[in-house]
Structures are given as structure tokens and as C-alpha cells.
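S.K.: Structure incoming, see below.
Only the coordinates and a few stated rules stand behind these numbers; no lab work does. Predicted model only: the values in this text are computed from it and were never measured. Here the Cβ is made from the backbone with ideal geometry for all residues, glycine too, and neighbour counts use every protein chain on show.
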Amino acid sequence: MEFDGKVVLVTGGGSGIGKAIAAAFAAQGAAVLINDVSPSAAAVATQLGAKFLPADLSDPAAVRALAADALAAHGRVDILVNNAGFQTVAPVEEFPEEAWMKMIQVMLTAPFQLTRALVPAMKQAGWGRIVNISSLHGLVASPFKAAYISAKHGMLGLTKTVALEVAAAGITVNAICPAYVRTPLVEKQIRSQAAIHGISEDQVVDRIMLEPAAIKRLVEPEEVADLTLFLASDKARSMTGASYLMDLGWTAR
Ligand code: NAD
């Protein structure tokens, strides 16, 4: 199988996109480490034959401990997928400072911390892959999502910078930028956008979420997993420092 003998760490691997990525790597023979803050991820790990590494990425010390635990599990991590994330929606003048700090820590600083901690073993192995799950909102904005969009834009800067630094060691670093994917995170956003705009949940999907998209359907988590596995494969060895849109044609106009 394509990823036999490879060790993969997927943050936020207990749900949605991360779960689909973890499942896809497990199906291709990888030793999968699933990090998540939610205890329900333990059952997902068991189901996939993966190891569960619980840690709250909003705590910098817990991220350092996670990196150490991930390295201890198999002696190295070959593929790091920075996927954990969440959304808080509020007008900027009401945006809670604590929510800003937490989002930047979980979605930008933790990916930096894990990259920093895991790159040395990848360099030693002469091979490595880092795939950062950014977002369409790493490239364009929508109102009321100041922290999320800032973190996702920052993640693309991190992707490019680290790609330049580690290329000579056989490590590639790329980002994936999906539009709306059918996951619990999006289902929660549909509910909160409906409350902010005072419209129904169906209207949020049709008029707000997919209004700028050419293809009028949500992306499935497995589509993001397919692209992640491609970027982690040797077929993608010439691809680094880039972000790959899966945006339903959103940015084509
Ligand atoms: P999800 O809510 O289904 O899964 C996210 C997972 O991250 C959950 O299991 C959650 O427990 C975990 N997580 C959250 N905070 C954490 C923390 N502090 N420490 C550790 N784990 C934590 O969401 P999803 O839609 O699968 O999102 C996954 C990633 O994809 C996120 O980074 C999100 O921004 C990105 N993304 C999602 C969409 C979308 O439309 N769903 C689109 C573009 C990008």
C-alpha cells in the first residue's frame, strides 16, 4: 500500500476533514496518530486502528507535549497534517479577544509549533511531508470571521516560508484551501449565520455560503483527503510552498 511504513499525525483527526484524512491514510497502510481535544476521537482512533493522542492545541505546553508523544510513538513522524480548527463568528467590534487569541493559537501557532518540533526527524530521514489545511478563507475574506481568516491567511505564509527552508532535505510543505466542506464545523456555522442574518438555514447555504461558487454543492471531506494523500505521495515531489484550491470555482471570477 502507498503509505506502508509511514507515520502520519493528523490534528483534529476525530471529526470531519481530519477524520476522513486519517481514514484514508489508514486505508493506505500508514501508522496513523490522531490528535484531538474531543474525547470522542478515541473511538474514531480505535475504529481506524490508529493511536489517539489527546491534546488541546489552545495550550502551547500541550502542543509541545503532543509533539514529544507523537515522536515517541514510532521514533519519527513522516507526514504532519495540520488540520484542527474551529470557527467563531462575530462583527469585529464585538469579536472577543479571548476567541481571537485561541483561534490564532490553535490554527496558526500550533501548526508552527508542531512543524518546528517534527522537522528535525524528517530532515534526519531525508523525507517528509507537511500538509496544512487552510481554507478558501486563506485567500479571500468574508465578514464576521476576523480571527479565522487571519489565521488561515497566516497559515499560507507559514507554508511558503517553511517550504523554502526544508526543500533541500526532501521535505515538501503545501496547503489545501477548500470552500465549504460538509462537516460538523460547517453545520454549526450555518446555524450561527442564520441567527446573525435572521434567515433560514437553507437560505444561508443558497444565498450566503454558495452564492459566489460556480458548483453549487458542499465539498465532501473525502475529496480533501484525496488531495492530502496526493500531496503526501512521491507523485507530488515537485510540488511545494503552494496552496491548492478546492473552491467550487469561487475565485474564478
Ligand atoms: P470539525 O469541527 O468537523 O473538526 C475539527 C476537529 O478539530 C474536531 O474534531 C475538533 O475537536 C478539533 N479541534 C478543535 N479545536 C481543537 C483544539 N484546541 N485542539 C485539538 N483539536 C481541536 O471541522 P472540519 O470542518 O473538519 O475542519 C477541519 C479543518 O478544515 C479546520 O482547520 C477548518 O478550518 C478547515 N476547513 C474547513 C472547511 C469546511 O467547510 N468544513 C473549509 C475550509 C477549511
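S.K.: Could you figure out which of (1) closer than 16 Å to Met155 by Cβ; (2) away from the ligand (no atom under 12 Å from the Cβ); (3) not charged (D, E, K, R) isn't true of Pro111?
M.R.: (2)
S.K.: Residues of the stretch 30-70 being assigned to a loop (DSSP other than H, G, I, E, B) and more than 11 Å from the ligand (Cβ to nearest atom), which ones?
M.R.: First, pick out the residues of the stretch 30-70 that are assigned to a loop (DSSP other than H, G, I, E, B): 30, 37-40, 49-50, 55-59.
Passing the criteria: Ala30, Gly49, Ala50.
S.K.: Which members of the stretch 1-29 meet the condition of being crowded, with 24+ Cβ neighbours inside 10 Å, outside any helix (DSSP H, G or I) and near the ligand (Cβ under 10 Å from one of its atoms)?
M.R.: Val10, Thr11, Gly12, Gly13, Gly14
S.K.: Also, I was wondering about something else. Mind listing whichever residues of the stretch 168-210 are part of a helix (DSSP H, G or I) and within 11 Å of the ligand (Cβ to nearest atom)?
M.R.: Pro184, Leu185, Val186, Glu187, Lys188, Gln189, Ile190, Met209 - these are the residues of the stretch 168-210 that are part of a helix (DSSP H, G or I) and within 11 Å of the ligand (Cβ to nearest atom).
S.K.: When residues of the stretch 71-108 are filtered for being in a helix (DSSP H, G or I), hydrophobic (A, V, I, L, M, F, W, C) and either more than 16 Å from the ligand (Cβ to nearest atom) or loosely packed, with under 15 Cβ neighbours inside 10 Å (or both), how many remain?
M.R.: Within the stretch 71-108, residues that are in a helix (DSSP H, G or I), hydrophobic (A, V, I, L, M, F, W, C) and either more than 16 Å from the ligand (Cβ to nearest atom) or loosely packed, with under 15 Cβ neighbours inside 10 Å (or both) number 5.
S.K.: Right, another one. Do we have any residue at all in the stretch 143-161 that's within 22 Å of Arg76 (Cβ to Cβ) and either within 15 Å of the chain's Cα centre (by Cα) or without any contact (Cβ under 8 Å) to a residue 40 or more places away in the chain (or both)?
M.R.: Yes; the residues of the stretch 143-161 include at least one that is within 22 Å of Arg76 (Cβ to Cβ) and either within 15 Å of the chain's Cα centre (by Cα) or without any contact (Cβ under 8 Å) to a residue 40 or more places away in the chain (or both).
S.K.: Within the stretch 120-146, track down each residue that is more than 11 Å from the ligand (Cβ to nearest atom) and farther than 22 Å from Leu227 by Cα.
M.R.: Result: Pro120, Ala121, Lys123, Gln124, Ala125, Gly126, Ala141, Ser142, Pro143, Phe144, Ala146.
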